[in-house]
Amino acid sequence: MADCMQDWPEPVVRVQALAESGLAAIPRCYVKPLCDRPAPAADDDASSGLSIPVVDLRGGGGDELGDQLAEAVAAACRGWGFFQVVNHGVRPELMRAAREAWRGFFRLPLPEKQKYANSPRTYEGYGSRLGVEKGAILDWGDYYFLHLSPEAAKSPAKYWPANPVICKEVSEEYGGEVIGLCERLMRLLSASLGLDETRFQEAFGGAECGACLRANYYPRCPQPDLTLGLSAHSDPGVLTVLLADDHVHGLQVRRRDGHWVTVQPLPDAFIVNVGDQIQILSNSMYKSVEHRVIVNAEEERISLALFYNPRGDVPVAPAPELVTPERPSLYPPMTFDEYRVYVRKNGPKGKAQLEALKGQSITENNE
(Lines give C-alpha, C1' and ligand atoms only; values in the text may rest on other atoms or scores of the structure.)
Protein backbone atom coordinates (compact mmCIF):
# COMPACT_ATOMS: atom_id res chain seq x y z
CA MET A 1 0.00 0.00 0.00
CA ALA A 2 1.18 3.50 -0.75
CA ASP A 3 3.42 5.25 1.81
CA CYS A 4 0.82 7.98 2.30
CA MET A 5 -1.52 5.39 3.79
CA GLN A 6 0.83 4.44 6.62
CA ASP A 7 0.14 7.41 8.90
CA TRP A 8 -1.87 10.59 9.15
CA PRO A 9 -0.31 13.65 7.47
CA GLU A 10 -0.71 15.82 10.59
CA PRO A 11 -1.12 15.26 14.34
CA VAL A 12 -4.65 14.04 15.07
CA VAL A 13 -6.80 16.24 17.30
CA ARG A 14 -9.83 14.65 18.96
CA VAL A 15 -12.94 16.65 18.18
CA GLN A 16 -14.55 15.66 21.46
CA ALA A 17 -11.58 17.14 23.35
CA LEU A 18 -11.97 20.38 21.40
CA ALA A 19 -15.69 20.53 22.16
CA GLU A 20 -15.15 19.91 25.86
CA SER A 21 -12.41 22.56 26.12
CA GLY A 22 -15.03 25.32 26.07
CA LEU A 23 -13.83 27.03 22.90
CA ALA A 24 -16.20 29.65 21.48
CA ALA A 25 -15.06 29.37 17.84
CA ILE A 26 -14.04 26.28 15.90
CA PRO A 27 -10.50 26.08 14.46
CA ARG A 28 -10.12 27.16 10.84
CA CYS A 29 -9.40 23.60 9.67
CA TYR A 30 -13.05 22.66 10.40
CA VAL A 31 -14.66 25.62 8.60
CA LYS A 32 -16.29 24.47 5.36
CA PRO A 33 -16.46 26.52 2.17
CA LEU A 34 -19.68 28.53 1.86
CA CYS A 35 -21.08 26.12 -0.75
CA ASP A 36 -20.73 23.15 1.64
CA ARG A 37 -22.11 24.68 4.82
CA PRO A 38 -25.51 23.52 6.11
CA ALA A 39 -28.46 25.75 5.29
CA PRO A 40 -30.13 27.69 8.13
CA ALA A 41 -32.97 25.68 9.65
CA ALA A 42 -35.62 27.98 8.20
CA ASP A 43 -34.28 27.46 4.67
CA ASP A 44 -33.74 23.72 4.93
CA ASP A 45 -36.08 21.15 3.39
CA ALA A 46 -36.26 19.37 6.75
CA SER A 47 -39.55 21.10 7.54
CA SER A 48 -41.02 20.75 4.03
CA GLY A 49 -42.79 17.45 4.72
CA LEU A 50 -40.40 15.43 2.56
CA SER A 51 -39.19 12.16 4.08
CA ILE A 52 -37.45 9.04 2.88
CA PRO A 53 -39.69 6.00 2.21
CA VAL A 54 -40.51 3.42 4.88
CA VAL A 55 -40.42 -0.30 4.03
CA ASP A 56 -42.23 -2.67 6.38
CA LEU A 57 -40.49 -6.06 6.31
CA ARG A 58 -43.17 -7.85 8.32
CA GLY A 59 -44.17 -11.09 6.57
CA GLY A 60 -43.04 -11.41 2.99
CA GLY A 61 -43.03 -15.22 3.08
CA GLY A 62 -45.51 -15.77 0.27
CA ASP A 63 -44.93 -14.97 -3.40
CA GLU A 64 -47.40 -12.08 -3.42
CA LEU A 65 -46.02 -10.48 -0.27
CA GLY A 66 -42.48 -11.05 -1.52
CA ASP A 67 -43.31 -9.31 -4.80
CA GLN A 68 -44.83 -6.40 -2.90
CA LEU A 69 -41.72 -6.03 -0.75
CA ALA A 70 -39.43 -6.19 -3.78
CA GLU A 71 -41.48 -3.47 -5.48
CA ALA A 72 -41.40 -1.32 -2.32
CA VAL A 73 -37.61 -1.63 -2.20
CA ALA A 74 -37.37 -0.89 -5.94
CA ALA A 75 -39.46 2.27 -5.59
CA ALA A 76 -37.35 3.45 -2.64
CA CYS A 77 -34.11 2.82 -4.53
CA ARG A 78 -35.30 4.52 -7.69
CA GLY A 79 -36.71 7.55 -5.92
CA TRP A 80 -34.28 8.10 -3.07
CA GLY A 81 -31.56 5.48 -2.67
CA PHE A 82 -32.45 5.68 1.04
CA PHE A 83 -35.26 4.12 3.05
CA GLN A 84 -36.16 3.19 6.60
CA VAL A 85 -36.98 -0.41 7.48
CA VAL A 86 -39.36 -1.39 10.27
CA ASN A 87 -40.29 -4.86 11.54
CA HIS A 88 -36.83 -5.91 10.39
CA GLY A 89 -36.27 -8.71 12.90
CA VAL A 90 -33.41 -7.18 14.89
CA ARG A 91 -34.36 -6.98 18.54
CA PRO A 92 -34.91 -3.40 19.77
CA GLU A 93 -33.24 -4.14 23.11
CA LEU A 94 -30.10 -5.30 21.26
CA MET A 95 -30.11 -2.14 19.14
CA ARG A 96 -30.29 0.04 22.23
CA ALA A 97 -27.63 -1.99 24.07
CA ALA A 98 -25.16 -1.66 21.18
CA ARG A 99 -25.69 2.08 20.86
CA GLU A 100 -25.32 2.68 24.60
CA ALA A 101 -22.18 0.52 24.81
CA TRP A 102 -20.47 2.79 22.29
CA ARG A 103 -21.82 5.90 23.98
CA GLY A 104 -20.07 4.56 27.07
CA PHE A 105 -16.79 4.25 25.18
CA PHE A 106 -16.85 7.85 23.99
CA ARG A 107 -17.48 9.00 27.55
CA LEU A 108 -14.25 7.39 28.77
CA PRO A 109 -11.28 9.64 29.66
CA LEU A 110 -9.22 10.59 26.62
CA PRO A 111 -6.07 8.64 27.65
CA GLU A 112 -8.14 5.46 27.80
CA LYS A 113 -9.49 6.02 24.29
CA GLN A 114 -6.09 7.00 22.91
CA LYS A 115 -4.87 3.44 23.49
CA TYR A 116 -6.84 2.50 20.40
CA ALA A 117 -5.78 5.37 18.09
CA ASN A 118 -6.01 4.28 14.47
CA SER A 119 -3.97 4.78 11.30
CA PRO A 120 -5.10 5.17 7.68
CA ARG A 121 -3.59 1.78 6.81
CA THR A 122 -6.67 -0.11 8.07
CA TYR A 123 -8.71 2.58 9.89
CA GLU A 124 -9.37 0.07 12.69
CA GLY A 125 -9.71 1.70 16.09
CA TYR A 126 -10.36 5.21 17.37
CA GLY A 127 -10.23 7.91 14.70
CA SER A 128 -10.98 11.55 13.99
CA ARG A 129 -10.36 12.02 10.28
CA LEU A 130 -10.97 10.36 6.91
CA GLY A 131 -8.54 10.70 4.02
CA VAL A 132 -4.83 11.52 4.06
CA GLU A 133 -4.73 14.82 2.21
CA LYS A 134 -2.44 17.22 4.06
CA GLY A 135 -4.17 20.46 5.00
CA ALA A 136 -7.64 19.06 4.26
CA ILE A 137 -10.72 20.65 5.80
CA LEU A 138 -11.80 18.25 8.55
CA ASP A 139 -15.16 17.05 9.86
CA TRP A 140 -16.53 17.71 13.35
CA GLY A 141 -16.67 14.14 14.59
CA ASP A 142 -14.81 11.16 16.05
CA TYR A 143 -15.43 7.48 15.31
CA TYR A 144 -14.44 3.90 16.08
CA PHE A 145 -14.05 1.44 13.20
CA LEU A 146 -13.95 -2.37 13.25
CA HIS A 147 -14.19 -5.32 10.87
CA LEU A 148 -16.85 -7.84 11.93
CA SER A 149 -16.85 -10.43 9.14
CA PRO A 150 -15.92 -12.68 7.49
CA GLU A 151 -14.05 -14.43 10.28
CA ALA A 152 -10.72 -14.25 8.45
CA ALA A 153 -10.98 -10.46 8.18
CA LYS A 154 -12.34 -9.77 11.66
CA SER A 155 -10.47 -7.14 13.66
CA PRO A 156 -8.02 -8.77 16.08
CA ALA A 157 -8.49 -8.46 19.82
CA LYS A 158 -6.01 -5.56 20.12
CA TYR A 159 -8.42 -3.27 18.25
CA TRP A 160 -11.42 -3.95 20.51
CA PRO A 161 -11.83 -1.64 23.50
CA ALA A 162 -11.62 -3.30 26.89
CA ASN A 163 -14.21 -0.87 28.25
CA PRO A 164 -17.14 -0.92 28.39
CA VAL A 165 -16.69 -4.62 29.03
CA ILE A 166 -19.82 -5.56 27.05
CA CYS A 167 -18.73 -3.62 23.96
CA LYS A 168 -17.24 -6.53 22.01
CA GLU A 169 -19.91 -9.07 22.91
CA VAL A 170 -22.86 -6.82 22.20
CA SER A 171 -21.31 -5.47 18.98
CA GLU A 172 -20.72 -8.97 17.62
CA GLU A 173 -24.25 -10.06 18.46
CA TYR A 174 -25.69 -6.89 16.98
CA GLY A 175 -23.52 -7.25 13.88
CA GLY A 176 -24.65 -10.81 13.31
CA GLU A 177 -28.32 -9.83 13.33
CA VAL A 178 -27.81 -6.82 11.06
CA ILE A 179 -25.80 -8.94 8.60
CA GLY A 180 -28.81 -11.26 8.41
CA LEU A 181 -30.96 -8.24 7.59
CA CYS A 182 -28.51 -7.23 4.83
CA GLU A 183 -28.72 -10.69 3.29
CA ARG A 184 -32.51 -10.43 3.22
CA LEU A 185 -32.34 -6.99 1.62
CA MET A 186 -29.92 -8.34 -1.01
CA ARG A 187 -32.50 -10.93 -2.05
CA LEU A 188 -35.14 -8.22 -2.37
CA LEU A 189 -32.80 -5.99 -4.38
CA SER A 190 -32.03 -8.81 -6.81
CA ALA A 191 -35.69 -9.69 -7.24
CA SER A 192 -36.63 -6.04 -7.69
CA LEU A 193 -34.49 -5.93 -10.86
CA GLY A 194 -35.97 -9.13 -12.25
CA LEU A 195 -32.93 -11.24 -11.34
CA ASP A 196 -32.71 -14.46 -9.39
CA GLU A 197 -32.89 -13.50 -5.71
CA THR A 198 -29.40 -14.94 -5.07
CA ARG A 199 -27.77 -13.02 -7.92
CA PHE A 200 -26.52 -9.99 -5.98
CA GLN A 201 -25.21 -12.02 -3.06
CA GLU A 202 -23.27 -14.32 -5.36
CA ALA A 203 -21.84 -11.43 -7.37
CA PHE A 204 -20.48 -9.79 -4.22
CA GLY A 205 -18.83 -12.91 -2.81
CA GLY A 206 -21.60 -15.07 -1.35
CA ALA A 207 -21.01 -16.03 2.28
CA GLU A 208 -17.65 -14.23 2.21
CA CYS A 209 -19.14 -10.74 1.98
CA GLY A 210 -17.64 -8.40 4.53
CA ALA A 211 -19.18 -6.28 7.27
CA CYS A 212 -17.65 -3.36 9.15
CA LEU A 213 -18.99 -1.34 12.06
CA ARG A 214 -18.35 2.34 12.60
CA ALA A 215 -19.55 4.02 15.77
CA ASN A 216 -19.88 7.75 15.05
CA TYR A 217 -19.65 10.42 17.74
CA TYR A 218 -20.55 14.02 16.93
CA PRO A 219 -19.84 16.36 19.88
CA ARG A 220 -21.62 19.63 20.50
CA CYS A 221 -20.29 22.38 18.26
CA PRO A 222 -20.17 26.11 19.11
CA GLN A 223 -20.59 27.07 15.42
CA PRO A 224 -22.66 24.34 13.76
CA ASP A 225 -23.50 26.58 10.80
CA LEU A 226 -19.85 26.59 9.70
CA THR A 227 -19.02 22.90 9.64
CA LEU A 228 -20.31 19.34 9.18
CA GLY A 229 -20.08 16.19 11.26
CA LEU A 230 -19.40 14.26 8.07
CA SER A 231 -18.93 15.77 4.62
CA ALA A 232 -21.16 14.90 1.68
CA HIS A 233 -20.34 11.49 0.22
CA SER A 234 -21.79 8.27 -1.09
CA ASP A 235 -20.86 5.01 0.63
CA PRO A 236 -18.31 2.84 -1.21
CA GLY A 237 -19.77 -0.56 -0.30
CA VAL A 238 -22.97 -2.49 -1.03
CA LEU A 239 -25.39 -1.45 1.71
CA THR A 240 -25.21 0.72 4.81
CA VAL A 241 -27.53 0.05 7.72
CA LEU A 242 -27.61 2.96 10.17
CA LEU A 243 -28.87 2.94 13.73
CA ALA A 244 -29.43 6.65 14.34
CA ASP A 245 -29.36 8.52 17.63
CA ASP A 246 -32.68 8.09 19.42
CA HIS A 247 -32.89 11.78 20.40
CA VAL A 248 -30.78 13.95 18.09
CA HIS A 249 -31.25 14.15 14.32
CA GLY A 250 -28.39 14.96 11.97
CA LEU A 251 -28.38 12.78 8.83
CA GLN A 252 -29.24 14.64 5.63
CA VAL A 253 -29.90 13.13 2.19
CA ARG A 254 -29.39 15.04 -1.04
CA ARG A 255 -32.36 15.07 -3.39
CA ARG A 256 -31.93 15.06 -7.16
CA ASP A 257 -32.80 18.76 -7.21
CA GLY A 258 -29.78 19.43 -4.98
CA HIS A 259 -31.71 20.21 -1.80
CA TRP A 260 -30.88 18.49 1.48
CA VAL A 261 -33.56 16.69 3.51
CA THR A 262 -33.03 15.87 7.19
CA VAL A 263 -34.02 12.30 8.00
CA GLN A 264 -36.46 11.85 10.88
CA PRO A 265 -35.72 8.35 12.24
CA LEU A 266 -38.65 6.21 13.33
CA PRO A 267 -38.46 4.42 16.69
CA ASP A 268 -36.54 1.13 16.47
CA ALA A 269 -36.08 1.53 12.71
CA PHE A 270 -32.93 1.26 10.62
CA ILE A 271 -31.97 3.72 7.88
CA VAL A 272 -30.70 1.85 4.81
CA ASN A 273 -28.91 3.23 1.78
CA VAL A 274 -27.47 1.62 -1.31
CA GLY A 275 -23.75 2.06 -1.86
CA ASP A 276 -21.51 2.53 -4.87
CA GLN A 277 -21.18 -1.22 -5.46
CA ILE A 278 -24.94 -1.53 -6.00
CA GLN A 279 -24.73 1.30 -8.53
CA ILE A 280 -21.93 -0.53 -10.34
CA LEU A 281 -23.57 -3.99 -10.33
CA SER A 282 -26.97 -2.60 -11.36
CA ASN A 283 -25.30 -0.58 -14.15
CA SER A 284 -26.62 2.59 -12.56
CA MET A 285 -30.26 1.46 -12.48
CA TYR A 286 -30.01 2.01 -8.74
CA LYS A 287 -27.78 4.90 -7.68
CA SER A 288 -25.93 5.57 -4.47
CA VAL A 289 -26.88 8.93 -3.02
CA GLU A 290 -24.91 11.70 -1.39
CA HIS A 291 -25.55 12.24 2.29
CA ARG A 292 -23.93 14.19 5.10
CA VAL A 293 -24.21 14.85 8.82
CA ILE A 294 -24.95 18.19 10.46
CA VAL A 295 -24.08 19.01 14.08
CA ASN A 296 -25.65 21.23 16.70
CA ALA A 297 -24.65 23.41 19.62
CA GLU A 298 -26.80 21.80 22.30
CA GLU A 299 -26.40 18.03 22.17
CA GLU A 300 -23.96 15.31 21.24
CA ARG A 301 -25.07 12.67 18.75
CA ILE A 302 -24.09 9.01 18.34
CA SER A 303 -24.93 6.55 15.58
CA LEU A 304 -23.85 3.07 14.49
CA ALA A 305 -23.24 2.38 10.80
CA LEU A 306 -22.84 -1.19 9.58
CA PHE A 307 -21.27 -1.35 6.13
CA TYR A 308 -22.02 -4.47 4.11
CA ASN A 309 -19.29 -4.89 1.49
CA PRO A 310 -18.19 -7.25 -1.30
CA ARG A 311 -15.46 -9.77 -0.65
CA GLY A 312 -12.32 -7.74 -1.17
CA ASP A 313 -10.80 -9.68 -4.09
CA VAL A 314 -13.94 -10.27 -6.18
CA PRO A 315 -14.10 -8.11 -9.34
CA VAL A 316 -17.42 -6.27 -9.48
CA ALA A 317 -18.84 -5.02 -12.77
CA PRO A 318 -22.31 -4.39 -14.20
CA ALA A 319 -24.36 -7.61 -14.28
CA PRO A 320 -24.53 -8.87 -17.91
CA GLU A 321 -28.30 -9.25 -17.55
CA LEU A 322 -28.54 -5.48 -17.03
CA VAL A 323 -26.33 -4.50 -19.98
CA THR A 324 -27.98 -3.85 -23.35
CA PRO A 325 -27.00 -2.06 -26.57
CA GLU A 326 -29.17 0.84 -25.38
CA ARG A 327 -27.62 0.67 -21.90
CA PRO A 328 -23.97 -0.33 -22.30
CA SER A 329 -21.75 -1.25 -19.39
CA LEU A 330 -20.81 1.93 -17.52
CA TYR A 331 -18.04 0.67 -15.22
CA PRO A 332 -14.87 -1.41 -15.58
CA PRO A 333 -14.42 -4.51 -13.39
CA MET A 334 -12.74 -3.66 -10.09
CA THR A 335 -12.29 -5.29 -6.72
CA PHE A 336 -13.53 -3.66 -3.54
CA ASP A 337 -9.99 -3.71 -2.15
CA GLU A 338 -8.90 -1.53 -5.10
CA TYR A 339 -11.88 0.76 -4.81
CA ARG A 340 -11.47 1.17 -1.06
CA VAL A 341 -7.86 2.32 -1.42
CA TYR A 342 -9.03 5.02 -3.82
CA VAL A 343 -11.68 6.18 -1.35
CA ARG A 344 -9.43 6.06 1.71
CA LYS A 345 -6.76 8.16 0.04
CA ASN A 346 -9.20 10.89 -0.97
CA GLY A 347 -11.75 10.92 1.87
CA PRO A 348 -15.43 11.91 1.42
CA LYS A 349 -15.77 13.74 -1.91
CA GLY A 350 -19.44 13.62 -2.87
CA LYS A 351 -19.86 11.18 -5.77
CA ALA A 352 -16.85 12.42 -7.72
CA GLN A 353 -14.92 9.24 -6.96
CA LEU A 354 -17.50 6.93 -8.49
CA GLU A 355 -18.31 9.12 -11.48
CA ALA A 356 -14.60 9.44 -12.32
CA LEU A 357 -14.41 5.68 -12.79
CA LYS A 358 -16.89 5.47 -15.66
CA GLY A 359 -15.07 3.98 -18.61
CA GLN A 360 -11.70 4.03 -16.81
CA SER A 361 -9.55 1.46 -15.08
CA ILE A 362 -9.28 1.69 -11.32
CA THR A 363 -5.47 1.49 -11.44
CA GLU A 364 -5.33 4.79 -13.33
CA ASN A 365 -7.06 6.48 -10.40
CA ASN A 366 -4.85 4.89 -7.74
CA GLU A 367 -1.59 6.16 -9.25
* Flag if SER284 is open to solvent by less than 10 Å² (accessible area, probe 1.4 Å) and at positive phi -> yes
* Do any residues in the stretch 194-206 that are within 19 Å of ARG311 (Cα to Cα) have Cβ atoms under 6 Å from those of residues that are assigned to a helix (DSSP H, G or I) and of a type in the set (Ser, Thr, Tyr), where the two are at least six apart or on different chains, and which pairs are they? -> GLU197/SER190; ARG199/SER190; PHE200/SER190
* **Members of the stretch 348-367 that are in a loop (DSSP other than H, G, I, E, B), out of contact with any helix residue (DSSP H, G or I) (no Cβ under 7 Å at 6 or more places or on another chain), modelled with pLDDT of 70 or more and not basic (Lys, Arg)** => PRO348
* Asked: Can you find even one residue in the stretch 143-155 that is touching a strand residue (DSSP E or B) at 6+ places or on another chain (Cβ under 9 Å), without any contact (Cβ under 8 Å) to a residue 60 or more places away in the chain and under 28 Å from HIS247 (Cα atoms)?
  -> no
* Please name all residue pairs, on different chains or six or more residues apart, with Cβ atoms under 7 Å, provided the first residue is in the stretch 301-314 and is within 16 Å of LEU146 (Cα to Cα) and at pLDDT below 95 and the second residue is assigned to a loop (DSSP other than H, G, I, E, B) and among the hydrophobic types (A, V, I, L, M, F, W, C). => none
* Asked: Pick from the stretch 186-221 the residues that are among the aliphatic types (A, V, I, L, M) and closer than 18 Å to THR335 by Cβ: which of them is least open to solvent (accessible area, probe 1.4 Å)?
  -> ALA211
* What tally of residues in the stretch 179-200 results from selecting those that are aliphatic (A, V, I, L, M) and in a loop (DSSP other than H, G, I, E, B)? -> 2
* Which of the residues belonging to the stretch 245-283 are among the small types (Gly, Ala, Ser) and modelled with pLDDT under 95? -> GLY258
* Scope the stretch 249-268; condition assigned to a loop (DSSP other than H, G, I, E, B) and open to solvent by 10 Å² or more (accessible area, probe 1.4 Å); matching residues -> HIS249, ARG255, ARG256, ASP257, GLY258, HIS259, GLN264, PRO265, LEU266, PRO267, ASP268
* To do: Please specify each residue of the stretch 329-347 satisfying the condition of being more than 16 Å from the chain's Cα centre (by Cα), at pLDDT 90 or above and under 23 Å from ARG121 (Cβ atoms).
  => MET334, THR335, ASP337
* Asked: In the stretch 278-319, how many are among the polar types (S, T, N, Q) and farther than 29 Å from GLY205 by Cβ?
  -> 1
* Of all residues in the stretch 292-314, which are among the basic types (Lys, Arg) and under 15 Å from THR240 (Cα atoms)? -> ARG292
* Give the residues of the stretch 166-178 that are open to solvent by less than 30 Å² (accessible area, probe 1.4 Å) and within 18 Å of the chain's Cα centre (by Cα), sorted by residue number. => SER171, TYR174, GLY175, VAL178
* Exactly one of (1) out of contact with any His (no Cβ under 9 Å at 6 or more places or on another chain); (2) in a helix (DSSP H, G or I) is unmet by VAL343. Its number? -> (1)
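The values are calculated or read from the model by the stated rules, or taken from the named source; none is laboratory data. A quick note: this is a predicted structure, and the numbers were derived from the prediction, not measured. We place every Cβ from the backbone using ideal geometry, glycine too, and count neighbours over all the protein chains shown. Note: areas computed on protein heavy atoms with side chains; ligands, DNA, RNA excluded. Shrake-Rupley method; radii C 1.70, N 1.55, O 1.52, S 1.80 Å.
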